[in-house]
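These notes are about the structure you will find just below.
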Amino acid sequence: MVLSNEPAASAAEEEVEDDALVRASTLEAFGESAETRALLRSLPAVHRERAAREVAEERFRVIMDKYQEQPHLLDPHLEWMMNSLLDIVQDETSLPDLVHLAFKFLYIITKVRGYKVFLRLFPHEVADVQPVLDMFTGQNPKDHETWETRYMLLLWLSVTCLIPFDFSRLDGNLPTQSGETRMPIMDRILQIAQSYLVVSDKARDAAAVLVSKFITRPDVKQRKMASFLDWSLCTLAHSSFQTIDGVITMDGMLQALAQIFKHGKREDCLPYANTVLQCLDGCRLPESSHTLLRKLGVKLVQRLGLTFLKPKVATWRYQRGCRSLAANLQLRAPGKSEQKLLSDSLTSDGDEDYDVPEGVETVIEQLLVGLKDKDTIVRWSAAKGIGRMAGRLPRELADDVVGSVLDCFSFQETDKAWHGGCLALAELGRRGLLLPSRLSEVVTVILKALTYDEKRGACSVGANVRDAACYVCWAFARAYEPQELTPFVTAISSALVIAAVFDRNVNCRRAASAAFQENVGRQGTFPHGIDILTTADYFAVGNISNCFLIISVFIAGFQEYTKPMIDHLVSMKINHWDGAIRELSAKALHNLTSLVPEYMATHEVTYALYELAAQSNRLVTDYLDEKAVQSLKQIHQQLCDRHLYRGLGGELMRQAVCILIEKLSLSRMPFKGDTVIEGWQWLINDTLRSLHLVSSHSREQIKEVAVSALAAVCNEYYKKEPGEAGSTITEELIPQYLAELRSPEEMTRCGFSSALGALPCFLLRGHLQQVLSGLRRVTCTTSPMDVSFAEARRDGLKAISRICQTVGVNTQGPPDEVICQENISEVYAALLGCMSDYTTDSRGDVGAWVREASMTSLMDLMLLLAQTEPVLIEAHICERVMCCVAQQASEKIDRFRAHAARVFLTLLHFDSPPIPHVPHRKELESLFPRSDVATVNWNAPSQAFPLITQLLGLPTYRYHVLLGLAVSVGGLTESTVRHSTQSLFEYMKGIQKDAQVLESFSETLLKVFEDNLLNDRVSVSLLKMLDQLLANGCFDIFTAEENHPFCVKLLTLCKEEIKKSKDIQKLRSSIAVLCGMVQFSGDVRKKVLLQLFLLLGHPFPVIRKSTASQVYEMVLTYSDLVDAEVLDEVMSVLSDTAWDSELPVVRGQRNHLCDLLGVPRPQLVPKPVPGS
């Protein structure tokens, strides 16, 4: 948690906006009209072929989905699209599959535009009723492939039900069959509706729409409404939300009832409202775990409540009058007089004194319970219900409802209740039902809701509450006149600014920004509104670091917001549960200090005050009184006395106090010679010593802050005279730290290595040799325990590099004070020795950390020497550095390969002055021109390897680049293997005709193999690379010469590598290489075959089978290998033998192959008898 002026990398949310999220819709019209017509015309032709049908359907979906956000653009085209599809449906010659396809297309259109707009376009003449009903006869409700057909038919039937004729008139014209009575149309429609209300697909929703249109008809409600409601309530009462079927049934019944009470006339529905409410109470829907059922329950309850109350607009409501923004702005223009906006009836109820039915209280109670539901959609529905109900209640009762809503903001309530309460207040305010007399109470709770945040385990809740509170502020801006909100402007504007800048959640910041913008536009009373909006707009507040560190400073420049922002950071954010927010808050307070230094002194932002004092040549104590100075000094001792450095919270406290120590030291607080410095030193040492007890994800941060604190303390409090150290400290500190480097704990070594690297020059003077020797021991692997301490070696290397930068270089200087001729070799040895660290453990290649640190340290040292004492860069040292870095630049791990490439190019192109003795400098500068390599992405194998393989043409670099390429070509990552192999083959293609260059290349290749024999990290990958080279004919020029030295030496190395090996992967790779070597002529071919036949008798069955398979392919590939007379028999033996059988059987077949190919039979060597 190191505090710097850079944005926090681990911020709570570093939002990088996707272009797709910020790109506005730019569609202006339905541009695919012609293509859509062609698609619809093609349906009769494509419906028989499944593939063509699916292509047409998918294309139509893609076209329609483009207009999900702008569906109104389809409106001019809906009629002809529907007519085209209904022509197919109404055509008697259309096959059922084609009809279903047409309905599927209709559903896709409906899904985008919405069924309400689409309904009125359906044909709804009297002549359409019977055909639509007849279409239901062929439908199977259990067919899940054709639910779109049933859905659209139900919607179509619902609009045909609106014909202005009694259905009984249609029954008289229906023909009857002999002996049968035809069911009346009214009964048929009701039967269809009831049957589809209990299905499991989307047709259930359409059935509810049908019921609402059908049951509320004048002729139907007299005969069927009571019986239907009785049926639906009985079905509801006998269903249980504990079963899937029960949930489906209850969903259908609730949808139907909600639609009926929405569309039915009040006088028709009122007689049944109490009965429905009682049945609904008995269903106990709030106890259900199904969100949709609870939402439908709340929706039905509010519609029952609206049925109980007369449909009138409350005369007592607050009326703002003009809602147009343009007109609103005109009212404020000079010379314009404001109209009276409050109704005269605000103070009297007029004719609203009437008895409120008993059921209303139950409805309000259930809606208030719904405000606390666990799901947002239920709370939102309840909030809208509260708003609608309050609009029909007398003023006193509506005010009681408002009071009940405010009870949701109790500290005992959950975040769900707070969220529901905010939504309800927004609805009441938006409808003018929240009178100005209540604003003082409401604003108080809304200001609390804007900062609502509760810790729950590893996260927090409250983002939805803060977002809803912003919505309330947005609604109030539109609902009230400026004079009503004037007393609250300061509080609301400050709260919204704080939420827009300092909220942890990006959606809340954006909601606050939108609410602030609405208030600026509608109210016009927010201080500096336009200036703030141009800086803290919707997009600017998307990045949390930008908000805390940049936007906050701009807004705090307006004095109305400065102190509220500082107070919020100190009271709410400095102690926030999220460490990233605490860090950003500390940085923000630091940035705000210069605006009000005297006020910030009360919050003790010491380092920022010091920087401000330094600018005006004053002391920091000029801003801090003696009490504040003493309080700062006692913080460490108070925490120590309370044992707060121990336990789970100890990590956070140590980290925070180390940062405090660093900032107090940098602020030059007057503590020199005080005992508090000893306490600080103890804390730093104890923290570094106990790093192994810290959680793994915090170790690095705590180590860094402790080391930074140590450096600051040393520089400020341990100087006796300018450039001289106090004798006591010098005698104690360095020997103590060197002793800790031999600790059996790796993290302790890491901590004290970094600490030694951070010591200032005056402390290192006279002890440099001692410190360098101690750090070099850390970087060496002299014992098995040391091998596993990769992180200690990494930090040791970093410390050596940092010390070199600290003490400087002087060729003839004393070795105990500066880097010079006598000790530079020790530094080179430590840094170059770690370039070959390939330690692995359960975390993978941990040696890569060491190699990375070594490369960085070498680069820093070489640049330092080139600028100060270039004579210390010897030719052989520079060559070794460049070759080692080139090797790392050709290896397989993308990140470390890219780092190595950057180091290599930095050393090559450094020109102030240039690094001396760089091998092949001119060739390298032509291969890697400065202008071209700047744009190369070295992390990408496709860009890196074509450049790196060019180094194979330079003899000095060839060995090390081949060594690195062997690991990449024989690796596991597909992209690395592919691109490294391609690049290597491109190079080989250019040299395979040049015998001299190829000889040199092959010698280097064999040298790499020889030097890495039995080194599995290299040898296995190298065998894979050799297999690729041999298989691609890279050494064809050698095959003409019998017993070519390359093949002879390669065979010897292969035999040595696999001797007594039990590594399956290595043995398989060697088989492939041996099979490729049979292309060479002479006696060596017989020796290769003998080696392969030895592997055919290997103790491992998998190796025998693999060998037989590859030898079979080898015989097919190289036709001159086997005489034509025995070829068929050889192939038969190789393919027909069960090579995983018992060894005696296999060896017999193997020996037979030896005879056929004229190869001596392998002889069993008897094992020596013990004691003989």
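Does G990 satisfy being modelled with pLDDT under 90, more than 15 Å from L1022 (Cα to Cα) and either open to solvent by less than 40 Å² (accessible area, probe 1.4 Å) or assigned to a helix (DSSP H, G or I) (or both)?
Numbers: modelled with pLDDT under 90: yes; more than 15 Å from L1022 (Cα to Cα): yes; either open to solvent by less than 40 Å² (accessible area, probe 1.4 Å) or assigned to a helix (DSSP H, G or I) (or both): yes.
Against the criterion (modelled with pLDDT under 90, more than 15 Å from L1022 (Cα to Cα) and either open to solvent by less than 40 Å² (accessible area, probe 1.4 Å) or assigned to a helix (DSSP H, G or I) (or both)), G990 qualifies.
Since D349 meets every condition but one in (1) of a type in the set (D, E); (2) modelled with pLDDT of 80 or more; (3) open to solvent by less than 50 Å² (accessible area, probe 1.4 Å); (4) more than 50 Å from the chain's Cα centre (by Cα), which condition does it not meet?
(2)
If P914 satisfies all but one of (1) touching a Cys at 6+ places or on another chain (Cβ under 7 Å); (2) surrounded by fewer than 15 Cβ atoms within 10 Å (Cβ to Cβ), what's the number of the condition it fails?
(1)
The rows are residues; the columns are (1) over 14 Å from V360 (Cα atoms); (2) open to solvent by less than 20 Å² (accessible area, probe 1.4 Å); (3) among the hydroxyl-bearing types (S, T, Y).
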position	(1), (2), (3)
K262	yes, no, no
K265	yes, no, no
C269	yes, yes, no
Q302	no, yes, no
G305	no, yes, no
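So which residues in segment 993-1044 are loosely packed, with under 13 Cβ neighbours inside 10 Å, among the small types (G, A, S) and not in a helix (DSSP H, G or I)?
A1040
Tally time: how many residues in segment 834-861 are open to solvent by 40 Å² or more (accessible area, probe 1.4 Å) and under 11 Å from L797 (Cα atoms)?
Matching residues across segment 834-861 total 3.
Select from segment 886-904 the residues that are open to solvent by less than 20 Å² (accessible area, probe 1.4 Å) and free of Cβ contacts under 8 Å to residues at least 40 places away in the same chain and list them in ascending order.
Within segment 886-904, just F904 meets the criteria.
Can you pull out every residue in segment 1045-1057 that is surrounded by fewer than 22 Cβ atoms within 10 Å (Cβ to Cβ), in contact with a Leu (Cβ under 8 Å, 6 or more places away or on another chain) and over 20 Å from E999 (Cβ atoms)?
E1056
Among the residues of segment 810-820, write down those that are among the polar types (S, T, N, Q) and touching a helix residue (DSSP H, G or I) at 6+ places or on another chain (Cβ under 7 Å). If you could, list the steps in order and put the result at the bottom.
Applying the first criterion (among the polar types (S, T, N, Q)) to segment 810-820 yields 810-812.
Across segment 810-820, the qualifying residue is only T811.
How many residues are open to solvent by 30 Å² or more (accessible area, probe 1.4 Å), of a type outside the set (A, V, I, L, M, F, W, C) and either touching a Lys or Arg at 6+ places or on another chain (Cβ under 9 Å) or over 19 Å from L1029 (Cβ atoms) (or both) if we restrict to segment 1099-1122?
Residues meeting the conditions: 8.
Quick check, is E1125 surrounded by 12 or more Cβ atoms within 10 Å (Cβ to Cβ) and among the acidic types (D, E)?
Details: surrounded by 12 or more Cβ atoms within 10 Å (Cβ to Cβ): no; among the acidic types (D, E): yes.
No: the conditions fail for E1125.
When segment 821-833 is examined, which residues are found to be surrounded by 14 or more Cβ atoms within 10 Å (Cβ to Cβ) and either under 12 Å from L772 (Cα atoms) or free of Cβ contacts under 8 Å to residues at least 40 places away in the same chain (or both)?
Hits for segment 821-833 are E822, N823, I824, E826, V827, Y828, A830, L831.
Might you let me know whether segment 455-464 holds any residue that is within 30 Å of P311 (Cβ to Cβ) and either open to solvent by less than 60 Å² (accessible area, probe 1.4 Å) or among the hydroxyl-bearing types (S, T, Y) (or both)?
No, segment 455-464 contains no residue that is within 30 Å of P311 (Cβ to Cβ) and either open to solvent by less than 60 Å² (accessible area, probe 1.4 Å) or among the hydroxyl-bearing types (S, T, Y) (or both).
Within segment 919-976, how many residues turn out to be assigned to a loop (DSSP other than H, G, I, E, B) and in contact with a Lys or Arg (Cβ under 7 Å, 6 or more places away or on another chain)? I'd like the intermediate steps shown before the answer.
Taking segment 919-976 and keeping what is assigned to a loop (DSSP other than H, G, I, E, B), we get 919-920, 928-929, 934-940, 954, 970-973.
With the extra rule that they be in contact with a Lys or Arg (Cβ under 7 Å, 6 or more places away or on another chain), the set shrinks to 938-939, 970-971, 973.
Matching residues across segment 919-976 total 5.
When segment 862-878 is examined, which residues are found to be within 11 Å of I915 (Cα to Cα), part of a helix (DSSP H, G or I) and open to solvent by 40 Å² or more (accessible area, probe 1.4 Å)?
Scanning segment 862-878 gives Q867, P870, V871, A875.
Among the residues of segment 228-279 satisfying the criterion of being assigned to a helix (DSSP H, G or I) and among the hydroxyl-bearing types (S, T, Y), which is farthest from F308 (Cα to Cα)?
In this case the residue turns out to be T249.
Which residue is least open to solvent (accessible area, probe 1.4 Å), if the candidates are limited to segment 643-682 and must be of a type in the set (D, E, K, R), part of a loop (DSSP other than H, G, I, E, B) and farther than 24 Å from H692 by Cβ?
For segment 643-682, the residue satisfying everything is D674.
The values are calculated or read from the model by the stated rules, or taken from the named source; none is laboratory data. Small disclaimer: the values here were computed from a predicted structure and weren't measured. Quick reminder, even Gly has a Cβ in these numbers, built from the backbone with ideal geometry, and neighbours come from all protein chains shown. Each accessible area value is taken on the protein alone, full model and side chains, heavy atoms only, with ligands, DNA and RNA left out. Shrake-Rupley method; radii C 1.70, N 1.55, O 1.52, S 1.80 Å.
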